[in-house]
Amino acid sequence: MQTKSPPRLAAEALAFFLDFDGTLVPFDKPDETVPLVDDGLRSLLTELRNRADGALAMVSGRSIEVIDSLFEPLRLAAAGEHGAEWRFTPHATREQLVPPPGLVTAHAACEQFANLTLGVRFERKALSMVLHFHRHPELREAAAKAAESGCLPGSGVRVMHARGMVEVKPVEASKGAAINRFMQAFPFAGRKPVFIGDDITDEDGFLAVNALDGISIKVGPGNSHARYRLPDEDAVRDWLEQLLD
Ligand SMILES: [Mg+2]
């Protein structure tokens, strides 16, 4: 297991890609509580973004709409729904993948499973959906099976595991694809990418950043492709803050 702390770097040459839940705020059962974005976090991200000439984006499983409401009045560049939607700059138009046809069948299968299963909550997003079972980890296998049954071969959707949930999303959507898309666009292109995340769904992002010779940072325990590790969200903030020194 990689335990090396990330090095000190100059923020000016970096492009920041940041997961939200479990990375910048404590992971706290996202279906049950709304995380609090404090002013300290808003000003830290604003300063980092200024140092990096705008090259800072949230890369989350949450929708951009929800990210905006959590950070209000701060608006950030963002990839939402694991990269199924994106916005290159804070006030740019939101763009998204073409919705794959398989979302309809997956929706029916996931919703039916949630309706019949105590302890599971169904959440529909624009291009993805979630079966939440944070208090019932024993339901993971059944939830994954139900979601898989709705993902027909060739229909453009697939199942993805995350902490306390199973998601169905477009095959083309991943945090790695999102980071690669940003790295070809202004103001991210030409910089060294940094990606920090805590979950299984962040592994695609770590691989993409490693391929670009960037800085991949896993938050918390567990196997990871990330090259560096920080113990928790407080350590993430401390590391980001020292980049501003
Ligand atoms: Mg996370």
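Here are some notes:
- Residue within the range 16-28 that is part of a loop (DSSP other than H, G, I, E, B), within 16 Å of the ligand (Cβ to nearest atom) and at pLDDT below 85 present: yes
- Any pair with Cβ under 7 angstrom, 6 or more apart, that starts in the range 194-205 at a residue that is farther than 15 Å from Gly164 by Cα and small (Gly, Ala, Ser) and ends at one that is within 10 Å of the ligand (Cβ to nearest atom) and outside any helix (DSSP H, G or I): Gly197/Asp19; Gly197/Thr23; Gly197/Val219; Gly205/Val59; Gly205/Gly197
- Meets criteria (in a loop (DSSP other than H, G, I, E, B), under 21 Å from Asp198 (Cα atoms), within 16 Å of the ligand (Cβ to nearest atom) and touching a Leu at 6+ places or on another chain (Cβ under 9 Å)) for Arg8: no
- Residue that is within 25 Å of Pro26 (Cβ to Cβ) and crowded, with 24+ Cβ neighbours inside 10 Å, where the choices are Ser216, Ser224: Ser216
To keep it simple, each residue is scored yes or no on (1) free of Cβ contacts under 8 Å to residues at least 40 places away in the same chain; (2) closer than 17 Å to Ala79 by Cβ; (3) under 20 Å from the mean Cα position of the chain (by Cα); (4) not assigned by TED's automatic domain parsing to the domain that holds Thr46.
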position	(1), (2), (3), (4)
Ala92	yes, yes, yes, no
Phe113	yes, no, no, yes
Leu118	yes, no, no, yes
Lys125	no, yes, yes, yes
Leu131	yes, no, yes, yes
His136	yes, no, no, yes
Val157	no, no, yes, yes
Ile179	no, yes, yes, no
Phe186	no, yes, no, no
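- Residue pairs meeting the criteria (Cβ under 7 Å; at least 6 apart or on separate chains; first without any contact (Cβ under 8 Å) to a residue 40 or more places away in the chain, in the range 47-66; second buried (at least 20 other Cβ atoms within 10 Å of the Cβ)): Arg49/Leu56; Ile64/Ala78; Ile64/Gly80; Ile64/Glu85; Ile64/Arg87
The values are calculated or read from the model by the stated rules, or taken from the named source; none is laboratory data. Computed from a predicted model, the values in this text were never measured in an experiment. With ideal geometry, Cβ positions are generated from the backbone for all residues, glycine too; neighbour counts draw on all protein chains shown.
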